[in-house]
Amino acid sequence: MLEQIPAAELRYVGKRTPRIDAKEKLTGQATYVSDMVLSGMLYARVKTSPHARARIVSINTEKARKLPGVRAVVIGEELDYRVGLYVVDKAILARNEVRHYGEAVAAVAADSIEIAQKAVDLIDVEYEVLKPVLHPLDALKDDAPLVHPNLGEYDYMEAAFTPKPGTNIANHTKLRKGDVEKAFEEAEWTIEREYTNPSVQHVPMETHVAIVKWGYDDEVTIWSSAQSPFTLRNLFCTAFRLPHRNVRVIVPHVGGGFGGKAGIGIEPLVAVLSKKAGGAPVKLTATREQEFSLLPCRSQLTYRIKTGVSKDGKILGQKMTMYWDSGAYADYAVNVTRASGYSAGGPYEIPNAQVDAYTIYTNKPFGTAYRGFGHVEFHWGLERHMDLIARAIGMDPLEFRKRNALREGSTSLTGEKIRANTGSILKCLEAAESAVGYGTLTEAEKARQEKTGMKIGKAVVGLHKAPAMPPFTATAVILRMNEDSTVTATLSLTDYGQGTYTSIAQMIAERLGFPIQKVKIAFESDTDHDPYDWQTVASKGLLLSGNAAILAAEDLLKNAYEIAAQALRCQVVDLDHDAEKIFIRHHPESSVTFRQLAIGYCYPNGNSIGGPLIGVGRYIAQGLTHLDKDTGQGLPALDWTYGAHGMIVEVDEHTGEYNVLKVASVFDVGKVINPDAVRGQAIGGMLQGLGTATCEGYIYDQEGHLLNPSFTDNKIPTAKDLPLEVESISVETPQIDGPYGARGVGEHSMIAVAAALGNALQNATGAQITHMPLRFEDVWRAIQRREPVDNWITKSPYGSCRSAPEVQRHQQQEC
Amino acid sequence: MTHEFSYHAPGSLDEALALLSEYGEKAAVLSGGTDLLVNIRAGLSRPEYVIDIKKIPELKALSYDPEDGLHIGACVTVNELLEYEPIAESFAVLYAAGAELATHQLRHRATPVGNIVTASPCGDMSSPLLCLEAEVVIVSQNSTRRVALREFITGVKTTVLAPTEIVKEIFVPPTYAGAQAGYQKLKRIKGHDLGVVAVALVKHNGSFRIGINSAAPTPLLLPDFAAGTPVEEVQKAAAKAISPIDDVRCTKEYRAFMVGVYIERLMKEVGA
Amino acid sequence: MKRVQFTINGDLYEREIHEHRTLLHVLREEIGLTGTKEGCGAGECGACTIIMNGVPINACLVLAVEADGTEIETVEGESKSGRLSPVQEAFDRHHAVQCGFCTPGMLMTIKDLLQRYPKPSREQIIEGIEGNFCRCTGYEQIIEAVLDATGQLEEKGEIKHA
């Protein structure tokens, strides 16, 4: 489809190019919603629930309403709206019952933040505290309280999800390939283990913030720190039963998102405050503490894997059961479940497979999209499992991976044929292997061990992910030529830090043959002015919007050529162009400049033709299908990005303290468009992955109170937590339908980092850890073979740290 | 801050004490603000009056004399302490602990006195100052009293300080000046963190002493050990003295274990 | 309300301010210098780092009234001449910016660092920026930018191809 320029002639694609937004951000001039003040703007604060589950007996807002300067007070009872991405299960403010700690129960808009807070403090809420259900496996029990007794009445996306009324199951994703029971019978070994992850928080540096103005005649304008303006608008309009034309969403610079700002968040609440305050704009900025529990997190996962392996180390069959803790609302968790379900086996060939992935409601802050969309979580289990299998059968873990790696001709879990151009997991594994010197210790490393008394361990893990998106995911780019022949592109894929806009500018410059200085990507996204894009998620932006941008550039050129052909009295086929002009190939002196064409060509006598030059590029994912609800078969994947991490750690066997000495991250990105951007994604995502591996995670007490909703007790990595050495390596197997062969890599860097750490620690010390994070204490306990500490959900019958080793070969054998 | 209060910045200690005597529990004393303002923001503290004592010149005093000892005024910041040459030279344990306290930015505001007055079990300055037998100089309108640090902190975030009193300074006697010392702190990340557990060791005149943070409701000082005391014996004494708890930061088991580990490391490092 | 006066990036400002408001709040909402960001409001993240009387501090933990009479430097002062500072230029070259929200605070921390150590080692840089969270970059390109700005980077961080 897309005419490609030979690699040798590329001027911008693949070349170091500064970010187009860097100067604005470096000077402090970039505007974020948190920086915005509108005239007449009110400030909002929220009253949140101190209980995980409680009946709201009464809410008294009288004192709050009487406070001078208070312009609106809202409670759930007066709001008959329901919001939901895939399952429409959430009220704007809790009605009758609160379902998680930190849930919003009332809100105030006032002249100042101080008055708003004072009013919130004056609202009295009487609760009848109910017993919460906290662990997903408890929530599956027959006598478990129902988080949503009315689940059967909710709307949901029927093509993809299956809520089970009368239970806490929000979705059950099923996949069946071959005959897994028969495979287990034929297997030499079967190995079964369970792996767990706690919930974690995205921690964008800019917390969620929105300004909403509910104007006359229900004309609503929303400024939000959001990733997906069109999805936000769509969900908003659905919830409020408003025509899409009435609602305008504007997204300026966004201070990070990582999936946490992918859907809809606080906007409906701010909107009802504005409406009630007579249309004054209202601003709500989540506090850092609210970011942990008012806003969503990443779901907890319990992952049980049973694998049958042949005598020669080939995986014959695998049964994968995922218990995704949705928290109180389904949000993205149901789709995390679906996407993880269809790629649950990782980048390995599994001829016989069974996946049952459940999304389970509990009384905890709800889960949403987070960089990796389930893959960080399940790769923790899967890539630990690969090592444990290899150990159990006496094979080197990397050799075991290579033997089972997907390759040309393999079939994925959903029945997709893997082709040569799909990418190469083998090359990624091999590059990581050599980057960390897997399997041996160098002389320097041996000397270091001697000196420090610590043991060095190494590991290599593999990973894969495809964009989790509907088969009809689409986008568009509009490219307008300005009077001076510079061009401005508008699109509503957002760039909230990942750098996609710079890559798109490079591609447009490349395709137009213009210097990149002539290309502007309009930063602010605006649903009134920009063409549609589904969402900025899933590492699909570069591929889909990149293709649309190239098509827009081609369309603009085509339109310019047509006018130029008339102006020069020639055929379009005889034309060529450079950065300034279109000319007749065989009479280059006969030319017309882009500047002459930009707003319409004017003949010497004043007659004019053409009009403003515009190029439109539309792109929609090709050939994808819904998955069969019973077998999971179909084609869900736009593209697969394969990757691997190699890691070197040193561990104090006595105390469990460890240092990460090196991480080498390798991804088959198809084609590097911007080397520094790839490197930034690789290292930034790796460190985020290492954060969740080493120190991050929600801690609750037995009543479901979140105990660590702040940076005091939910640490994230600082510069000191960077491994001593980091390396980013790119493999380039061009993606046939990728722009210049590129595929996405935004999420992948975070995936499987934790497993690399767990495996390297085990290789060094024998510590067998199946839960995250891996704090020094956890390593110490594992080395000492002490009972793990289960302080994510205390005293659950299925403690989130427990995992009995279950290995079978003729007789039991410890793995 | 969404909580409103009125701000006073007296220029003299007398003026400050008069304000405190007038407002009593409705007032809070502000120096570095790294605890007070965090607590006000979190709604844990709701003073009507905030008395900023940084404009009082004598509270900025920082002096050391080998005869007289070390005086750390209430408004001396941690970074000022670290940059004061006698600290690195003569009070290694304070230097080591101060450098571990929070971040560079915060150390420009946070004060050693504030760290003590907050009386958190994990205050980095507390166990080192206990080892040095620091005294807290407390003033009120009518009196000045000196309280040994070990008696000053009475429990988790509680002290003997009355609402009308101000800690004027910490006094460290010259007794342990020049002592070899070390400080080790367990953190959840390599970057800035509260001490999950921490141990200070000061070696002096044929004996050594150990202070421990985050292992009991108050920072602890163990009785002196004679040089050459076997590690196991010191560890045993420490194990007996501490009463760590399970919390979101750590289990009591690992806290107790790491106290032992740090004792061993410090004894090796300092050569006790 | 109290009347205060301070110098920001060389310009004198005088304002009547609420006594309980932080310097960060006043800078951003009353003076309109929104370059300095709020990431946590509790002195943990460093996004609000500014330089006050020559030292870097978290503006979220300083009352605006406390800043009366002080000299303040914020990110807006860094390119006041119309040109990026050498550190800003190096940040640009090295993609040391992603979402940009930590960047202003990071730049002010580094400004102070370079006053203390004109040619900081990698370790000194890491130690220096410890108090500034960055959730996007993983810090590596920031460290490289500082090394480059101080003439210490031998090779640019080129991406490797397998």
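The values are calculated or read from the model by the stated rules, or taken from the named source; none is laboratory data. The shown structure was predicted, so the numbers you read here are calculated from the model rather than taken from an experiment. So basically every Cβ, Gly included, is an ideal-geometry build from the backbone, and we count neighbours across all protein chains shown.
Out of C:I110, C:I50, C:I126, I need the residue that is closer than 24 Å to A:G497 by Cα, within 14 Å of chain B (Cβ to nearest Cβ) and surrounded by fewer than 24 Cβ atoms within 10 Å (Cβ to Cβ). Which one?
Going through C:I110, C:I50, C:I126 in turn, just one is closer than 24 Å to A:G497 by Cα, within 14 Å of chain B (Cβ to nearest Cβ) and surrounded by fewer than 24 Cβ atoms within 10 Å (Cβ to Cβ): C:I126.
Have a look at A:R448, A:R401 and point out the one that is modelled with pLDDT of 95 or more, of a type in the set (D, E, K, R) and within 20 Å of A:G313 (Cα to Cα).
Answer to the check: A:R401.
Only strands (runs of 3 or more DSSP E) wholly contained in the stretch A:183-260 count here; list those with 1 or more residues that are within 24 Å of A:G689 (Cα to Cα), away from chain C (no Cβ under 14 Å) and among the aromatic types (F, W, Y).
Because the criterion is at least 1 residues that are within 24 Å of A:G689 (Cα to Cα), away from chain C (no Cβ under 14 Å) and among the aromatic types (F, W, Y), the strands (runs of 3 or more DSSP E) in the stretch A:183-260 that meet it are A:189-197.
For the stretch A:593-611, which residues satisfy the criterion of being assigned to a strand (DSSP E or B) and either among the small types (G, A, S) or under 17 Å from A:L479 (Cα atoms) (or both)?
Listed by number, the list holds a single entry, A:S608.
Would you check which residues across the stretch A:414-425 are surrounded by 19 or more Cβ atoms within 10 Å (Cβ to Cβ) and either in contact with a helix residue (DSSP H, G or I) (Cβ under 6 Å, 6 or more places away or on another chain) or in a helix (DSSP H, G or I) (or both) and list them?
Matches in the stretch A:414-425: A:T414, A:T422, A:I425.
Name the helices (runs of 4 or more DSSP H) wholly within the stretch B:13-99 that hold at least 1 residues that are surrounded by fewer than 15 Cβ atoms within 10 Å (Cβ to Cβ)?
Once the helices (runs of 4 or more DSSP H) in the stretch B:13-99 are filtered for at least 1 residues that are surrounded by fewer than 15 Cβ atoms within 10 Å (Cβ to Cβ), what remains is B:13-23, B:78-83, B:85-90.
Between a first residue in the stretch B:48-63 that is within 12 Å of C:V65 (Cβ to Cβ) and a second residue that is of a type in the set (K, R) and part of a loop (DSSP other than H, G, I, E, B), which pairs have beta carbons less than 6 Å apart while being 6 or more apart in sequence or on different chains?
Listed by first residue and then by second, the contacts come to nothing, as the list is empty.
From the list A:T488, A:T473, exactly one residue is β-branched (V, I, T), surrounded by fewer than 24 Cβ atoms within 10 Å (Cβ to Cβ) and within 22 Å of A:T593 (Cα to Cα). Which is it?
When all the criteria are applied, what remains is A:T488.
Hey, among A:L597, A:L543, which residue is touching a residue at least 40 places away in the same chain (Cβ under 8 Å) and out of contact with any helix residue (DSSP H, G or I) (no Cβ under 6 Å at 6 or more places or on another chain)?
A:L543
In the set A:E430, A:E445, which member is out of contact with any strand residue (DSSP E or B) (no Cβ under 7 Å at 6 or more places or on another chain) and within 25 Å of A:D387 (Cα to Cα)?
On the way: A:E445 fails: out of contact with any strand residue (DSSP E or B) (no Cβ under 7 Å at 6 or more places or on another chain).
Testing whether each residue is out of contact with any strand residue (DSSP E or B) (no Cβ under 7 Å at 6 or more places or on another chain) and within 25 Å of A:D387 (Cα to Cα) leaves just A:E430.
Name, by its number, the condition in (1) modelled with pLDDT of 95 or more; (2) in a loop (DSSP other than H, G, I, E, B); (3) more than 30 Å from A:E727 (Cβ to Cβ) that does not hold for A:Q622.
So the condition that A:Q622 fails would be (1).
Here is a list: A:E650, A:E703, A:E696. Which entry is surrounded by fewer than 21 Cβ atoms within 10 Å (Cβ to Cβ) and either within 11 Å of chain B (Cβ to nearest Cβ) or of a type outside the set (G, A, S) (or both)?
Sole residue among the options that is surrounded by fewer than 21 Cβ atoms within 10 Å (Cβ to Cβ) and either within 11 Å of chain B (Cβ to nearest Cβ) or of a type outside the set (G, A, S) (or both): A:E703.
When residues of the stretch A:398-413 are filtered for being charged (D, E, K, R) and either part of a helix (DSSP H, G or I) or in contact with a Cys (Cβ under 7 Å, 6 or more places away or on another chain) (or both), how many remain?
Qualifying residue count for the region: 4.
Name the one entry in C:G69, C:G138 that is assigned to a loop (DSSP other than H, G, I, E, B), modelled with pLDDT of 95 or more and out of contact with any helix residue (DSSP H, G or I) (no Cβ under 8 Å at 6 or more places or on another chain).
Just a single option satisfies the conditions, and that option is C:G69.
Any residue in the stretch A:676-693 that is hydrophobic (A, V, I, L, M, F, W, C), more than 11 Å from chain C (Cβ to nearest Cβ) and in contact (Cβ under 8 Å) with a residue 40 or more places away in the chain?
yes
Residue-by-condition table, conditions (1) of a type in the set (K, R); (2) closer than 30 Å to C:L107 by Cα; (3) within 14 Å of chain C (Cβ to nearest Cβ):
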position: A:K23; (1), (2), (3): yes, yes, yes
position: A:T31; (1), (2), (3): no, yes, yes
position: A:G40; (1), (2), (3): no, no, no
position: A:A52; (1), (2), (3): no, no, no
position: A:N60; (1), (2), (3): no, no, no
position: A:G76; (1), (2), (3): no, no, no
position: A:N96; (1), (2), (3): no, no, no
position: A:A107; (1), (2), (3): no, no, no
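Of the numbered conditions (1) crowded, with 20+ Cβ neighbours inside 10 Å; (2) over 30 Å from A:Y154 (Cα atoms); (3) charged (D, E, K, R), A:E97 fails exactly one; give the number of that condition.
Single failed check for A:E97: (2).
Among (1) out of contact with any strand residue (DSSP E or B) (no Cβ under 6 Å at 6 or more places or on another chain); (2) under 30 Å from A:V336 (Cβ atoms); (3) buried (at least 22 other Cβ atoms within 10 Å of the Cβ); (4) more than 14 Å from chain C (Cβ to nearest Cβ), where does A:G656 come up short?
All conditions pass for A:G656, except number (2).
With the condition being crowded, with 21+ Cβ neighbours inside 10 Å, I'd like the strands (runs of 3 or more DSSP E) fully within the stretch B:114-157 carrying at least 1 qualifying residues.
B:135-139, B:153-155
Each row is one residue, and each column tells you yes or no for (1) within 16 Å of the chain's Cα centre (by Cα); (2) crowded, with 16+ Cβ neighbours inside 10 Å; (3) outside any helix (DSSP H, G or I).
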{"site": "B:I189", "(1), (2), (3)": "no, yes, yes"}
{"site": "B:G195", "(1), (2), (3)": "yes, yes, yes"}
{"site": "B:V199", "(1), (2), (3)": "yes, yes, yes"}
{"site": "B:G211", "(1), (2), (3)": "yes, yes, yes"}
{"site": "B:P217", "(1), (2), (3)": "yes, no, yes"}
{"site": "B:S243", "(1), (2), (3)": "no, no, yes"}
{"site": "B:V259", "(1), (2), (3)": "no, yes, no"}
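Kindly list the number of the only condition in (1) touching a residue at least 60 places away in the same chain (Cβ under 8 Å); (2) part of a strand (DSSP E or B) that fails for A:T488.
With respect to (1) touching a residue at least 60 places away in the same chain (Cβ under 8 Å); (2) part of a strand (DSSP E or B), A:T488 is out only on (1).
Here is a check on your reading of the model: is A:P717 part of a loop (DSSP other than H, G, I, E, B), at pLDDT 90 or above, within 14 Å of chain B (Cβ to nearest Cβ) and under 22 Å from the mean Cα position of the chain (by Cα)?
yes
A:D179 versus (1) closer than 27 Å to A:G680 by Cα; (2) at pLDDT 95 or above; (3) in contact with a strand residue (DSSP E or B) (Cβ under 9 Å, 6 or more places away or on another chain): which is the lone unmet condition?
(1)
Could you look through the stretch A:272-284, keep only residues that are crowded, with 21+ Cβ neighbours inside 10 Å and either out of contact with any Lys or Arg (no Cβ under 9 Å at 6 or more places or on another chain) or among the hydroxyl-bearing types (S, T, Y) (or both), and pick out the one that is farthest from the other protein chains (Cβ to nearest Cβ)?
A:V272
Which pairs turn up if I take residues in the stretch C:54-74 that are more than 7 Å from every other protein chain (Cβ to nearest Cβ) and in contact (Cβ under 8 Å) with a residue 12 or more places away in the chain and look for partners that are aromatic (F, W, Y) and surrounded by fewer than 24 Cβ atoms within 10 Å (Cβ to Cβ) with beta carbon separation below 8 Å, at least 6 apart in sequence or on another chain?
These pairs meet every condition: C:A67/C:F6; C:D68/C:F6; C:G69/C:F6; C:T70/C:F6; C:E71/C:F6; C:I72/C:F6.
Right, B:E25: modelled with pLDDT of 95 or more, more than 30 Å from B:K203 (Cα to Cα), within 14 Å of chain C (Cβ to nearest Cβ) and over 19 Å from the mean Cα position of the chain (by Cα) or not?
Values: modelled with pLDDT of 95 or more: yes; more than 30 Å from B:K203 (Cα to Cα): yes; within 14 Å of chain C (Cβ to nearest Cβ): no; over 19 Å from the mean Cα position of the chain (by Cα): yes.
Answer is no for this residue.
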